[in-house]
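Got a structure here, written out as structure tokens. Questions coming.
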Amino acid sequence: MRKAIVAGRFYLSEASALNGQIESCFLGKYGPGNLPRAFPVHEKKYAIVVPHAGYSYSGQCAAWAYKALVEVKKSDLPETLVIIGPNHSGYGKAVFSLSLENFETPLGLAENDEKFGKQLIEESSPLVQEDELAHKHEHSLEIQIPFLQFAYKMMKKDFKIVPIVVSTIDYSQCAEIAKVIAKIAKEQKKKICVIASSDMTHYGISYGFVPFTRDVKQNLYALDKEMINKMTKMDSKQFHELAIKSTVCGLAPIVIAIESSKLLGAKKAQLLKYYTSGDILNDYNNAVGYASVVFE
């Protein structure tokens, strides 16, 4: 079992307090304004892009995507979530490090879809390997799970996870893994959604990225808007070309999300919410962009 490592830092560590914190993400100033509702509002989701900062920063943005994910017909609700995040820690040896463990959070256990994960390893080795070390200190996947637990509980449904940490930005490798993910979903006849865990541009001296020094908010919005535009056009190659010059930490997960969603049946994508940490703190000297994008 993979125990929570950022509870008490990125999100609250006690269950009732965490539930309240997640509720506030849905109901807050930058959130969607309502909790998830158990009746169809949105179309089936094949992939989503969500941020992974602390809930006080990016949680309200993430709430938009999770609300849209579960507010679908019961027959369209994904049963397996393939959660893909970047390798911030540097631990692990694989290009794509897959965990076969259940993940624990203050809200309980998220069960691993071992059948899906094992087939992914079998068909994609040596690119994909079981590598628990890469997950031991990585927050980008863990931070998504309490949101899933909260939203699925409101739908009175269970889910399983396939957690993958990525240590490459190579386009062809990401496109290949997207093909295998879609192939396995079809062969196992599973309803899946790929969750790309990524923040957008990291601006400022703290991040070593200062392409402009004036009108920072406007320029930061414009920079991210250009990349989000490629996402919503479902053009992973052009997104990759732009993002590789920027500081989008989940570049590879986003490419996988775009390509796998198209193979699974997505016909369109849309931006649900965008803002930056600068909007929360009213300080843009060092700021990070957050976006919720859905593929349906």
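The values are calculated or read from the model by the stated rules, or taken from the named source; none is laboratory data. It should be emphasised that the depicted structure is a prediction, and the values quoted were computed from it without experimental measurement. In this analysis, Cβ positions are derived from the backbone assuming ideal geometry, glycine residues included, and neighbour counts consider all displayed protein chains.
Limited to the range 88-112, what total is found for residues that are among the aliphatic types (A, V, I, L, M), farther than 21 Å from Ala15 by Cβ and either in a strand (DSSP E or B) or in contact (Cβ under 8 Å) with a residue 60 or more places away in the chain (or both)?
Number satisfying all stated conditions: 3.
Inside the range 9-39, can you point out the residues that are free of Cβ contacts under 8 Å to residues at least 24 places away in the same chain and either in contact with a strand residue (DSSP E or B) (Cβ under 7 Å, 6 or more places away or on another chain) or exposed (fewer than 14 other Cβ atoms within 10 Å of the Cβ) (or both)?
Within the range 9-39, Ser16, Ala17, Gly20, Gly33 qualify.
Among the residues of the range 156-175, are any touching a residue at least 60 places away in the same chain (Cβ under 8 Å), crowded, with 24+ Cβ neighbours inside 10 Å and over 16 Å from the mean Cα position of the chain (by Cα)?
The answer is no, given that none of the residues of the range 156-175 is touching a residue at least 60 places away in the same chain (Cβ under 8 Å), crowded, with 24+ Cβ neighbours inside 10 Å and over 16 Å from the mean Cα position of the chain (by Cα).
Now, a different point. In the range 183-223, what count of residues is obtained for those that are crowded, with 22+ Cβ neighbours inside 10 Å and under 26 Å from Phe96 (Cα atoms)?
12
Hey, another quick one. If you take the residues of the range 209-224 that are closer than 25 Å to Val255 by Cα and touching a residue at least 12 places away in the same chain (Cβ under 8 Å), which of them is nearest to the chain's Cα centre (by Cα)?
Asp224
Also, I was wondering about something else. What number of residues within the range 52-68 are under 26 Å from Leu263 (Cα atoms), in contact with a strand residue (DSSP E or B) (Cβ under 6 Å, 6 or more places away or on another chain) and outside any loop (DSSP other than H, G, I, E, B)?
Residues flagged as under 26 Å from Leu263 (Cα atoms), in contact with a strand residue (DSSP E or B) (Cβ under 6 Å, 6 or more places away or on another chain) and outside any loop (DSSP other than H, G, I, E, B) within the range 52-68 amount to 4.
Turning to a different aspect of this structure: Note down all Cβ pairs under 9 Å where the first residue falls in the range 267-296 and is more than 15 Å from Leu220 (Cβ to Cβ), the second is assigned to a loop (DSSP other than H, G, I, E, B) and of a type in the set (Phe, Trp, Tyr), and they're at least six residues apart or on different chains.
Qualifying pairs under 9 Å: Lys273/Tyr30; Val294/Tyr46; Phe295/Tyr46; Glu296/Tyr46.
Now, a different point. For residues that are basic (Lys, Arg) and in contact with a Leu (Cβ under 8 Å, 6 or more places away or on another chain), tally how many sit in the range 154-173.
Residues that pass the stated criteria total 2.
So which residues in the range 40-61 are touching a Lys or Arg at 6+ places or on another chain (Cβ under 9 Å) and either surrounded by fewer than 24 Cβ atoms within 10 Å (Cβ to Cβ) or more than 27 Å from Ile121 (Cβ to Cβ) (or both)?
Selection gives Pro40, Val41, His42, Glu43, Lys44, Gly54, Gln60, Cys61.
Residues that are closer than 25 Å to Gly31 by Cα: find the helices (runs of 4 or more DSSP H) completely inside the range 187-296 holding 1 or more of those.
216-232, 251-264, 277-281
Identify, by number, the condition in (1) assigned to a strand (DSSP E or B); (2) more than 16 Å from the chain's Cα centre (by Cα); (3) under 23 Å from Tyr275 (Cα atoms) that Val49 doesn't meet.
Looking at each condition in turn, Val49 falls short on (2).
Which of the residues that make up the range 1-32 are touching a helix residue (DSSP H, G or I) at 6+ places or on another chain (Cβ under 9 Å) and polar (S, T, N, Q)?
Scanning the range 1-32 gives Asn19, Gln21, Ser24.
Kindly check whether there is at least one residue in the range 102-117 that is closer than 22 Å to Ile192 by Cα and at pLDDT below 95.
The answer is no, given that none of the residues of the range 102-117 is closer than 22 Å to Ile192 by Cα and at pLDDT below 95.
Please work out which one of (1) over 27 Å from Ala287 (Cα atoms); (2) free of Cβ contacts under 8 Å to residues at least 60 places away in the same chain; (3) assigned to a loop (DSSP other than H, G, I, E, B) is the condition His42 fails and give its number.
Single failed check for His42: (2).
Kindly indicate which of Ala68, Ala53 is within 23 Å of Thr247 (Cα to Cα) and touching a residue at least 24 places away in the same chain (Cβ under 8 Å).
Step by step, each of Ala68, Ala53 is checked, and only Ala53 is within 23 Å of Thr247 (Cα to Cα) and touching a residue at least 24 places away in the same chain (Cβ under 8 Å).
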